[in-house]
Each structure stands twice: as structure tokens, then as C-alpha cells.
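All remarks here apply to the structure that follows.
The values are calculated or read from the model by the stated rules, or taken from the named source; none is laboratory data. Just so it is clear, the structure is predicted and the values come from calculations on it, not from any experiment. Cβ: placed from backbone, ideal geometry, glycine included. Neighbour counts: every protein chain shown. Keep in mind that these areas ignore ligands, DNA and RNA; they rest on the heavy atoms of the full protein, side chains included. Shrake-Rupley method; radii C 1.70, N 1.55, O 1.52, S 1.80 Å.
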Amino acid sequence: MHFKVPALALGLLTPFCLSSAQAFDLYTDADTSLSFDGRVQFRYNTYQDDSHRWDGDSRWALVATQAINDELDFLAKGEWSVYATEDDYDDDQHVTQRLLYAGLDHDRYGELTVGKLWGVVYDVGWWTDMGRKFGSRAFGVYNFDDWGQVSGAGRADNAVAWRQSFGDWKLGLQYQGRRGDKELAFGVEADLTEGIGASLRRPVGENLEAGVAYIQNTYEDVTPGSGVSDGDKGRLWLAGIKYATDHIHAAMHVGYSQDWEIAPNGQFYDALGIQAYSYYHFANGLRPNVNFNWLDDTGEDSEGYRRLTYSFGLEYHFIRDRFLVWSDYQINHGSNGWDSQERHYGDADSEWALGIRYDF
């Protein structure tokens, strides 16, 4: 037997995975590894003419691998968010589950995982989901009120995912069964069935990677008057490109969806979105970044919803990607604040946030 660490399989290929050098090894031998990792983050931000202290981005995780033979490993991960100091949230849970999955990783046949896990769409989607606070609602991954969990595009609930490499090509396939009585938005509930997702990525040049993804669900027992009927499908098509070096990260997504988003007026709508993010990391630890989000209704179902934001950030890394302070400022130009009495949208206020973060 031997012990091999799957190629970031335990974090399912997201930028939020921590390398083994940033984790506490609780137990390690030739075939077995158990480690503890996570991060602590505190931030202060304005929101709707108010301000809040918030540590909801803090989290901790247990990661385990066990070699079964020379080609096959068992893997498992559980991750929880920790809410300890935020104000005005006393009625909410202070510990919530983010991930909980187990699976097998085979040298030839790929990785198969089951549970609550990052969906295969996010293998492409994370490229622009790099903002510390703002700017990740235009590419379709974080739909509904639970940020893409029940839909399977984000941290997918009760999902089965298979990932495999074929030379330069990286393929991901995903399935979810029935998810019953889910609240998708305020006043909108449904059962979701036949959840199918896929992603495909490959290098297309030096430091350049392109990817596409698709995911769909079928709606059943939908709240009447929400714009879809039983048997209708919600779909998302996503295409992205990423350029990355030791100092530069620049990426863009274009997403088109049908009955995938729900507007504040309680209606499903078809949408077209563009999301872009870039940073430059200087040798002295400074990292300025720019984040752009645009999401628009391609029809009239939302009655005028439009998201348009520009975010500008500056970070200082005492230890790169491990210990840093950051600041973000978001300018809102869209019409996404719904007035239910006047039945029209208004401009949202600009926002800013400050934070400090340590990954371990």
C-alpha cells in the first residue's frame, strides 16, 4: 500500500482548498491521513444604510484519506461555517454545515464523491468567484435563496459527482435526485428533480484555460403564479476563460439561463450575465483587484430587474494567500431593489467592507 494525496480532490478543485502545508496533521502514516484546516475571518461592512460586524466566512474542516491499494484511495471531508460575533443575527445558527461528502479516487477511473459537495459547474465557475465580499451573482452559480445548494450549481445538496481527466481534458458529471419542499425564494417553493450537470475544461494556451458547463433541474409542485409550471426545466449554460500566472489572475464568464433565477417580484425569468474578476499580486504583498457583474432579464418576467456592479479591492498579504487584510468597495448601478407597493425597482446603495483573514 501507499499513501497518495488526490490532486486537490478533497476540496473538489476550488480556490478555497488549503494545501497540506496549511493544515494541522492530526494523524499521518503510510496509508492514512487525517487533518484539520480552515480559516478565521472578521469583516466590517455597510449594508442598506447600516453596518455590521460579521465572521460568517470563518470555517473549519476535517479531511481524511485512506489508501485502499496502490491505485485507489478513500476520501472524505466535512466543513462547517462558524458564526460567533456578528450582531443582529442572534436567532440564526452559529454553526452551519457547508460540505459533507465521501468518495473514492482512482488513478485510472477518476474520482467519485457523494454528499454535499462543490458541484461540477463550480469547477469552471470558481474562476471569477474570487471577491472577498462582493460580486458573485451574475454567472448563475449562486441562484435561489440558498446560493446554489438545492439547484446543484454551488455547494450541491445530496449529489453524486464523477470527475476524470483525459489528457488535457477535464470532465465532470453530476446527478441529484428529488429535493422536496424547497424554499427557492420568498414565497416560492418547489420540488426539484432530474438534476443533471456537466463541465469540461482544457488548456488553450500558455497559462490560459477555457471551460464550459451545463446544469438543469425539473420543477414539480411549484408555487402557483411564480412563472413556471410543473414539468418545466430550469437550465444554465456557462462558458469561461481564465489566465493565471504567479502574479496575475484574470477570468471572465458568460452565463445564459432559462427559468433559473427568481427576481425579487417572485417570478422566474430568463437571464444573460457577464462576470469578470482580475488581480495583480505584487512582490511586496499588495494585491489590487477589480470585479464586474452584469445580469439582465432577457424578457419581461422580472418587470425590470437588472444587476450592474463594479467592485474595487485592495489586499495586503503578510503571508501570501494565508494571512491578509483586505478592503472592497462596490458601486451599484443596477435596478435590483424591489418596492412591492410601488411595484418598481430602485437603485441599490454602494457598499464597502474591511476584513482580516487567516487560513490554517
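Run down the lysines and flag those whose C-alpha is under 26 Å from the C-alpha of LYS233, throwing out any fewer than 8 positions away in its chain.
LYS116, LYS182
For the chain, what's the relative contact order in percent, using C-alpha pairs closer than 8 Å and at least 6 residues apart?
Reported relative contact order: 12 percent.
Go through the stretch 99-161 and name the chymotrypsin sites (Phe, Trp or Tyr not before Pro) that are in a DSSP coil and have 12 or fewer other Cβ atoms within 10 Å of their Cβ.
Filter output for the stretch 99-161: TYR109.
With all protein chains present, how much of the accessible area of the chain (probe radius 1.4 Å) comes from carbon and sulfur, to the nearest whole percent?
In the chain, the share of accessible area belonging to carbon and sulfur is 55 percent.
Only Lys, Arg, Asp and Glu count, each charged at its Cβ (+1, +1, -1, -1), so figure out the dipole size of the chain about its Cα centre, rounded to 20 debye.
1300
For LYS170, go through the aspartates and glutamates and keep the ones whose alpha-carbon is under 12 Å away, minus same-chain ones fewer than eight residues off.
Once the sequence-local aspartates and glutamates are set aside, what remains near LYS170 is GLU111, ASP123, GLU209.
Modelling each spin label as a point 7 Å along the Cα-to-Cβ direction, I'd like the PHE186/TYR329 distance in nm, to one decimal.
With each label placed 7 Å out from Cα toward Cβ, I get 3.0 nm.
I'd like the distance separating the alpha-carbon centroids of the stretch 222-267 and the stretch 122-152, in whole Å.
Their Cα centres are 9 Å away from one another.
Could you compute the longest span of the chain free of GluC sites (Glu not before Pro) located in DSSP loops and having at most 13 other Cβ atoms within 10 Å, not counting the site residues?
The longest such stretch corresponds to 72-205.
Measure off 7 Å from each Cα along the Cα-to-Cβ vector at PHE24 and TYR109, then give the distance between these two points in nanometres to one decimal.
A separation of 3.7 nm, rounded to one decimal place.
With every protein chain kept in place and ligands, DNA and RNA left out, what is the accessible area per residue of the chain? Probe 1.4 Å, answer in Å².
Averaged over the residues of the chain, the accessible area is 46 Å².
Rank-order 165-171, 263-269, 322-328, 223-229 by packing density, defined as the average count of other C-beta atoms within 10 Å over each peptide's residues, highest first.
Put in order of decreasing packing, that is 263-269, 322-328, 223-229, 165-171.
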